[in-house]
Every structure is written in structure tokens, then in C-alpha cells.
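The values are calculated or read from the model by the stated rules, or taken from the named source; none is laboratory data. Fair warning: this is a prediction, and the values are worked out from it, not measured in the lab. All Cβ positions, even for glycine, are placed from backbone atoms using ideal geometry, and neighbour counts span all protein chains on display. Surface accessibility is based on the protein's heavy atoms, side chains included, excluding ligands, DNA and RNA. Shrake-Rupley method; radii C 1.70, N 1.55, O 1.52, S 1.80 Å.
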Amino acid sequence: TEGVDAAWAAEYGTVHGEDATSRARVEAYGRMLADLGPAAVAAVARHDGELAGVGFGVRERGWLGVFGVGTPPAHRRRGVARAVMAALAEGRDTYLQVERDNAAAQLLYQRLGFTGSHGYHYRVSNSVG
């Protein structure tokens with residue numbers, strides 16, 4: 001769907017949040033994406049009514065940047081992430097970001113035809129001040 005809403009943000013938090021604190025952080029991030037309006041593209045996959053996968057991308061200058069795809073452990077290795085990627089991309093020129101230590105995602109994206117281009121790092125401060 002075009003746009004991101006609170007319901008999607010909650011499902012995204014369910015998949016990407018390991019505990020209550022991280023779920024709340026991820027849900028807040030998802031709600032922030034709602035401000036992007038139709039530039040944000042979201043996908044939800046269900047199997048027998050159960051949440052099987054989520055993903056989102058942002059459209060800009062003719063490209064779709066995919067920044068978050070996830071599947072709950074019970075649905076992994078069943079083609080859900082591939083289906084979410086197909087729903088997001090829908091014939092668009094697409095790029096994505098994936099963490100280097102996520103070997104399963106790296107393999108999936110390689111099989112979908114993506115190749116490495118750039119790297120980036122997250123920096124975290126243990127103290128503010």
C-alpha cells in the first residue's frame with residue numbers, strides 16, 4: 001500500500017522488536033514514516049490470518065529504497081520475504097540496505113539479483129554530553 005499507518009507500524013514492531021522497549025522504538029519509527037505520505041510504500045504478508053512478514057520502502061527520484069523487511073521466526077525460509085520484496089518493488093528500480101551480519105538476508109537479496117555497492121556504519125554513544 002502507499003503510505004504507512006499506525007496499524008502497519010505496530011505490525012512492523014511485532015516483527016522487529018525483540019522486547020517491549022525495542023518494539024516501542026520500532027513502532028515509533030514506523031509512525032514517523034507516516035509523515036512521508038505516499039512516498040512511503042508498505043507491505044504486509046499474512047498466512048492463515050497470522051502476520052508472516054512486513055516491509056517498507058521510500059520512493060524518491062524514480063527509485064524505491066527498501067530499508068526494512070522482516071519475517072517472524074515461524075515464517076522464515078518459506079518465501080515470505082521474497083513475496084514482500086515483490087510487492088514492494090512491483091517493477092520499480094530498487095535498492096536496499098541490509099546489515100552485514102544478516103547472512104540470510106544477504107543470500108536472499110543476492111538471489112533476487114542485488115549486488116553490493118556501498119557500506120555504512122551505525123555509531124552509538126554510551127553517554128550523552
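Working from label points 7 Å from Cα in the Cα-to-Cβ sense, the Arg78 to Thr115 distance is 3.4 nm.
Take the chain with all the other protein chains still there, run a 1.4 Å probe, and you get 66 Å² of accessible area per residue. For the chain, the calculated P(r), taken from all Cα-Cα distances in 10 Å bins from zero up to the bin holding the longest distance, is 12, 42, 38, 8, 1 percent. Ranking of His16, His75, His121 by solvent-accessible surface, largest first: His121, His16, His75 (1.4 Å probe, protein heavy atoms only, all chains present).
Rounded if a/c is under 1.5, else prolate if a/b is larger than b/c, else oblate: which is the range 70-112, with a ≥ b ≥ c the root eigenvalues of its Cα gyration tensor? Verdict is oblate for the range 70-112. Calculated mean residue ellipticity at 222 nm for the chain: -10500 deg cm²/dmol, from DSSP H runs with n ≥ 4 weighted as -39500 (n - 2.57), summed, divided by the residue count and rounded to 500.
Which translational diffusion coefficient, to the nearest whole µm²/s, is obtained for the range 35-110 from the Stokes-Einstein equation, given a Kirkwood hydrodynamic radius over C-alpha pairs, 20 °C and 1.002 mPa s? Translational D for this selection: 167 µm²/s. In this simple spin-label approximation, Leu36 and Thr21 carry label points 7 Å from Cα along the Cα→Cβ vector, and these lie 2.7 nm apart.
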